[in-house]
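Right, one structure below, let's go through it.
All of the numbers you see were taken from the coordinates with simple rules; none came from a lab. Note that the structure is predicted; figures quoted are calculated from it, not measured. Cβ atoms come from the backbone with ideal geometry, glycine included; neighbour counts cover every protein chain shown.
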There are 2 protein chains.
Amino acid sequence: MTEQSDRSFDRKSFEALLKRRFFFTESFEIYRTAANWTGDNGGLYDYGPPGCALQANIVDVWRKHFVLEEDMLELDCTILTPENVFKTSGHVDRFADWMCKDPVTGDYLRADHLVETVLKTRLSDVRLDRPMTEEYKDVVGKIDNFDGSELGKLIKRYDIRNPKGDGEVLPPAPFNLMFKSSIGPSTAAPIYLRPETAQGQFLNFRKLLDYNNNSMPFASASVGKSYRNEISPRAGLLRVREFMMAEIEHFVDPLGGKRHARFSGVQHVELDLLDRDTQLAGQSDVRRVTIGEAVESKTIDNETLGYFLARTYLFLLKVGIDKTRLRFRQHMANEMAHYACDCWDAELLTSYGWIECVGCADRSAYDLEVHSKRTGEKLVVQEALPEPSEVSLWVATLDRKKLGPLFRKDAKLVESAVAVLSQSQLEDLRLRLNVDGVVTIETPPLQGSSNTVTIPSSILSIERTKKIEHVREYIPNVIEPSFGIGRILYSLLEHIYWTRAEDSARDVLSLPVSVAPTKVALLPLSSNALFTPVTSRMSRSLRTIGISSRIDSSSASIGKRYARNDELGTPFAITVDFQSVEDNTVTLRERDSTKQVRASLEEAITAVKNLVDEKETWEAIVQRMQPVKST
Amino acid sequence: MTEQSDRSFDRKSFEALLKRRFFFTESFEIYRTAANWTGDNGGLYDYGPPGCALQANIVDVWRKHFVLEEDMLELDCTILTPENVFKTSGHVDRFADWMCKDPVTGDYLRADHLVETVLKTRLSDVRLDRPMTEEYKDVVGKIDNFDGSELGKLIKRYDIRNPKGDGEVLPPAPFNLMFKSSIGPSTAAPIYLRPETAQGQFLNFRKLLDYNNNSMPFASASVGKSYRNEISPRAGLLRVREFMMAEIEHFVDPLGGKRHARFSGVQHVELDLLDRDTQLAGQSDVRRVTIGEAVESKTIDNETLGYFLARTYLFLLKVGIDKTRLRFRQHMANEMAHYACDCWDAELLTSYGWIECVGCADRSAYDLEVHSKRTGEKLVVQEALPEPSEVSLWVATLDRKKLGPLFRKDAKLVESAVAVLSQSQLEDLRLRLNVDGVVTIETPPLQGSSNTVTIPSSILSIERTKKIEHVREYIPNVIEPSFGIGRILYSLLEHIYWTRAEDSARDVLSLPVSVAPTKVALLPLSSNALFTPVTSRMSRSLRTIGISSRIDSSSASIGKRYARNDELGTPFAITVDFQSVEDNTVTLRERDSTKQVRASLEEAITAVKNLVDEKETWEAIVQRMQPVKST
């Protein structure tokens, strides 16, 4: 996260509004405020009714835009995942941040944040000389690119200390970001909370392919909670330990340039791109280009990746993101996750700077390959060739009679490890076999937990053989668009927050109708029982046509209740007054313009239905209905 | 779970169908089948596309039936919850099962399951004499009612051993069923995965009441994952370690008999009840009575509890549960959770016996009271009295000048602990104060982690005072209907599974349209490109009107594809043939009757829309459209 905040934005008022209207709150708040509450429970938030509905609506739009529109196969996999799986995926060894301990205070500090914070403080000191200023700025600009030992050197070189107490810190050590637990009564079975939904989708690849009648390409999708045990979370909803993700794994043939059948439908979509070369040159100027041009010029590696960037852009606009505060940034080579071969983030500008909200990575065949190796199960696509073709192949043959006596219980695993060897590996091994008389190959964990086996040439032969092939076999590549729903939700709220010019105390959240928690507020003029039948009738009618409404019959004045519903982002309000009881008419008010019209109850409901379904605009409604002076 | 299985039901074929169509699968299956996979990872399941959609549809019906229909306040709280919270709720100390270890094999066995399994095996032995048979049957019938020491005595008395290896087991020890982890880099911060969504709702009570404009009664609701670290899960989807719950916490004034404003709307609903007295008499005969009678006769304690039992019944019928396999069973006194004062389970009959799928508990004021005591925060409702009334009250006064010097940092906590004392407690304490000169009261954790404080009469006085009250203050009671979505889903699948009489290999899942994963299968007669435009057009039209469809253009015969979609529970199929291309007509088929009609593409889509919206029955469609002979 880089600081490039919008100075006119008043974060304090904004956050006060979100808490006041119960969009969200820190979890276990009554425990936090209780005296003597110790314990590190930052980065955990509960969504109240409007936040919960907003989140559900964003997910709903996401599901329609991606899953339904493209017939994706949605899965719901467990959050609990055994260690073996994350050992294979690389998360046990590599999913870590660098952390420094202050041995005196006992504080744990995230190393990159420590360096960044201290240098920024020094940069704000006017006495700092020009060369140091340049040096510090350079370090801060590249802060995401340093590994643990580099961070350690920076800490030494600049004598960076814990800002609390000014103590020296120990050298950076890796801290794994997965929450660990154990399953069942034996404590010997470690299990983790998933840091992403992706692994469950990869492990089910064969079943998915089968469900899809073996036809390629296809995508799976999952929506659910994931976890990161952050060292010291800050920045509110933007860095949390438990979060909602929506992830797509699009499986594609690696041959033929990873083209996408629907690419032509999006090629004219224009995006603001910040590519790798621009960043390497120390610049941050975006280029606005069509996705067609970007793929053509190889700025974006392939059509499928480009397709999903464009679709992501359209999705973000649909939920109400301000397109002038949205850019796509390419990852630097050393910044990418260990599995990725190209990656672009959709970043949203907030008062905390540019925030990664969607990651769109080309994970290549990494995941399917490693799980296949580890389990000995083939995770491949078999494609019937249009006509049989003669091919020359390296074929490995094992002498089964000798295999059993030599490897006993491991024999089957050795056999499957040999079966999943690629052509280039076989070619390589043949050479070794000829030279050394033995070869060593990787296997799934064997008895005694070894991961390799040595096979003598008396048992294994590798020969070039001619073969008629009817089927082509390949491991698909994976393009993964991964959405952080909470980050999108928070950024969206910043983007659509404003204050009425005539009264700075009157905040408004201009949420689009599609994601607004409640579509219509129903406001009886007072708590007079006279109004109850009309309000109830409207409430029932709206429920029947699937439009969420909420009756606000509190004793506050109508003006106050309009203001409250503006803060909740409710786009429309229907007010029931004495005239309503007489002639069955009500007023319909629109949130952003505060304009009102008067119409019969039935007309008002039809108008709301048209507005929600986007069949009519508010301007058209105002034109054709009887105007009312705003209160 | 008691065994009272449906003998005609073929569980093997049924489960094969669910796996074949990827309703669900064991999680990490490719790792389980890999050799040398050790590790206890039972009770974890992934939902494939149809299971995931079915689950989402059940939750959707639930949300409309409960949350939207009654304006409940939905929350999304974190799964991670710090130890303090569960210490207060009682889960750290009491949320446990009894477990026996076999010291030789290292097996951990759930004590009640061990006794039950062994005695059932002995009961199946024809040589067992009459008295022993009666004794064993009696124990098995009451198996849910024994605590650890009683189970230990049974194991001794009947010489019950581990069926695997026949070894003696150690006495039962409690095993806490919560998954434990730690948060942040310090390992000193224990955190748990919630075993229910309820606590998050209680902790947010004040914010919820505020959001509801301080008006009572109201309900909150949450849908999300919860966890139980079962000792040794069995019974497939019915006993899992990670599961989806949907819970309602209805907050109600304890005075006035917990009446419910909408009770009259459900009082004629008839339920099969199995009450406590019947069970105590060793019977299991249900009584079919209206909910009105049951509340009137005090079989069910109060209107609000009765209201939710009736609403639960209607919900279960709506998603397709067979009402002849549904009963409501009252908990025995010693079977209830530690917080409950009355509890009824909706139980569904499956091949595993009667399964608890919904629990409907009156939790009284337990939760709000304990959290209030622990944190010193008032969790109460303040209700304006219609007119001020003079009341005699016990009032505690603390001498603040002396309080500070004596209790230092704890002074504020002592003050809040005194402030939350009830009238009856104050009356009691006054006596003590007069007799002993000091009183000891419970507090939130103090410095040095004590939970009580002793206050001398030099600082505290308790007097009877007359006071004009304008406000009545009370802690609401909570009625909690709690739904296990996975258990409902599984039981539903058993209830609607059948096999066509003419061909035992043809399985059908008669899922109601409202919850069916896909509403319409679109079947081109063959893979001929001629059909593609028509199929695509239909797919788009259906998507636009929000009806989920799926194109099945695989090369299988139409008959095979009908059979496949019967197994997926898809209620309708539209077939595109050569005639379609010529005259724009298609055939529309209904799953259960296999009857078909021929109509124009537009008519067919309108018919499906009417069927999905329940505006027209299939019988009516058959009447008014042109019949086709079934294939």
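Brief remarks follow.
- Region B:61-111: GluC sites (Glu not before Pro) falling in loop per DSSP and having at most 10 other Cβ within 10 Å: none
- Mean separation of Cα contacts under 8 Å, 6 or more apart, over the residue count of chain A: relative contact order %: 13
- Between residue A:64 and residue A:392, the modelled labels are 5.8 nm apart [label points 7 Å from Cα along Cα→Cβ].
- Only lysines eight or more places from residue B:19 in sequence, or on another chain, were considered; those with a Cα closer than 17 Å are A:207.
- Legend: ranking of residues B:181, B:449 from fewest to most surrounding C-beta atoms inside 10 Å; resulting order B:449, B:181.
- Within chain A: Cβ-based charge dipole about Cα centre, in debye rounded to nearest 20 (Lys, Arg +1; Asp, Glu -1): 1180
- Charge sum, other residues only, whose C-beta stays under 15 Å from residue A:169's C-beta, Lys/Arg counted +1 and Asp/Glu -1: -1
- Helices in chain A, meaning DSSP H runs of at least 4 residues, each add -39500 (n - 2.57). Divided by all residues, the mean residue ellipticity at 222 nm is -10000 deg cm²/dmol.
- Computed magnitude of the charge dipole of the protein assembly as shown (debye, nearest 20; Cβ of K, R +1, Cβ of D, E -1): 320
- Amide H partners (placed H, <5 Å) of residue B:350, local residues excluded: B:355
- Cβ nearest the rotation axis (A onto B), residue from chain A and distance to the nearest whole Å: A:181, 2
- Label point distance in nm, residue A:71-residue A:104, each placed 7 Å from Cα along Cα→Cβ: 6.7
- For region B:216-325, trypsin sites (Lys or Arg not before Pro) meeting the loop criterion (DSSP other than H, G, I, E, B) and having at most 16 other Cβ atoms within 10 Å: B:234, B:259, B:262, B:298.
- Reachable aspartates and glutamates from residue B:120, criterion Cα separation under 17 angstrom, eight or more residues apart if same chain: B:3, B:112, B:129, B:134, B:135, B:138, B:144, B:159, B:166
- Compactness index (Cα Rg / 2.2 N^0.38 Å), region A:518-627: 0.96
- Whole-Hz ³J(HN,Hα) from phi, Karplus 6.51 cos²θ - 1.76 cosθ + 1.60, for region B:446-460, glycine and proline x: 9, 3, x, 6, 6, 10, 9, 9, 10, 10, x, 5, 5, 10, 10
- Computed E for residue B:461/residue A:503 - FRET, C-beta separation, R0 41 angstrom, nearest 0.05: 0.25
- Phi angles of region A:415-431 translate, via the Karplus equation with coefficients 6.51, -1.76, 1.60 and θ = phi - 60°, into HN-Hα couplings of 4, 6, 5, 5, 5, 8, 5, 7, 4, 5, 5, 4, 4, 4, 5, 4, 4 Hz per residue; Gly and Pro are given as x.
- Other-chain or far-sequence residues with amide H under 5 Å of residue B:73's (modelled H): B:219, B:220, B:221
- Cα centroid separation, region B:316-349 to region A:605-625 (Å): 47
- When B:291, B:551 are arranged by Cβ crowding within 10 Å, least crowded first, meaning fewest neighbours, the order is B:551, B:291.
- In this structure, the pairs whose alpha-carbon distance is over 24 Å, taken from A:519/B:258; B:258/B:467; A:519/A:629, are A:519/B:258; B:258/B:467.
- Förster-model FRET efficiency, 30 Å R0, residue B:378 and residue B:435, C-beta, rounded to 0.05: 0.55
- Charge tally in the Cβ shell below 12 Å around residue A:54, where Lys, Arg are +1 and Asp, Glu are -1, residue A:54 excluded: -2
- Simple spin-label estimate for residue B:9 and residue A:334 in nanometres, 7 Å along Cα-Cβ: 6.1
- Other copies of residue A:415: label-to-label distances in nm, shortest first, labels 7 Å along the beta-carbon direction: 7.9
- Of the trypsin sites (Lys or Arg not before Pro) found in region A:601-631, those that fall in a DSSP loop while having at most 11 other beta-carbon atoms within 10 Å are A:615, A:629.
- Per-residue Cβ neighbour counts within 10 Å put B:271, B:17, B:393, B:568 in the sequence B:393, B:17, B:271, B:568, beginning with the fewest.
- Loop sites by DSSP among the chymotrypsin sites (Phe, Trp or Tyr not before Pro) of chain A, restricted to those with at most 16 other Cβ atoms within 10 angstrom, leave A:159-631 as the longest stretch without any of them.
- Estimated from the Cβ-Cβ distance and a Förster radius of 35 angstrom, the FRET efficiency linking residue A:129 and residue A:168 is about 0.90.
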